[in-house]
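Presented below is the structure to which this report refers.
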Amino acid sequence: MIQQEGPGWRLARDPTRKLHPVLIGGEGWAFELTEAEWVALADLVLTLERQHRALMDQLMEEEAIELELDRRLWWGCLQGDRASWSLSVVLTPELGRGAEGHWPSPASAAMVAAMRTLWDKSIDQRD
């Protein structure tokens, strides 16, 4: 089992739990994800963070930015400026449960770093 957490965020993966092996959480909330939901979420969040990094040098100090991405299963929004940002996600499956989460700054950056680490480890295990 892999578990990481910090102020305002939490991420755990237990591959022995077949239906919902991943848990994500924030301040006062948490929900479990299927493997497919996790893969789709990680892809969406890492894409948003990569887009923000690519635009950082083009933003003035006081300039705000909002990046949204909708990928059917997940909607995500990264909102902030050059130095800090928050992250919101909404799970919207065609059937079943939905969920919504939000990480304020600086928990959002820490959560994304943990997601990247977990994502990289799962790719290494598949290879």
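The values are calculated or read from the model by the stated rules, or taken from the named source; none is laboratory data. Please read all numbers here as calculations on a predicted model, not as lab measurements. Note that we place each Cβ from the backbone using ideal geometry, even for glycine, and neighbour counts take in every protein chain shown.
Does segment 55-70 contain any residue that is at pLDDT 95 or above, in contact with a helix residue (DSSP H, G or I) (Cβ under 7 Å, 6 or more places away or on another chain), within 19 Å of GLU32 (Cβ to Cβ) and not in a loop (DSSP other than H, G, I, E, B)?
No; the residues of segment 55-70 include none that is at pLDDT 95 or above, in contact with a helix residue (DSSP H, G or I) (Cβ under 7 Å, 6 or more places away or on another chain), within 19 Å of GLU32 (Cβ to Cβ) and not in a loop (DSSP other than H, G, I, E, B).
Can you tell me which residues in segment 81-115 are at pLDDT below 95, of a type in the set (D, E, K, R) and surrounded by fewer than 16 Cβ atoms within 10 Å (Cβ to Cβ)?
Within segment 81-115, GLU94, ARG97 meet the criteria.
Working only within segment 25-53, note down all residues that are over 21 Å from ASP14 (Cα atoms) and of a type in the set (S, T, N, Q).
Those that are over 21 Å from ASP14 (Cα atoms) and of a type in the set (S, T, N, Q): THR47, GLN51.
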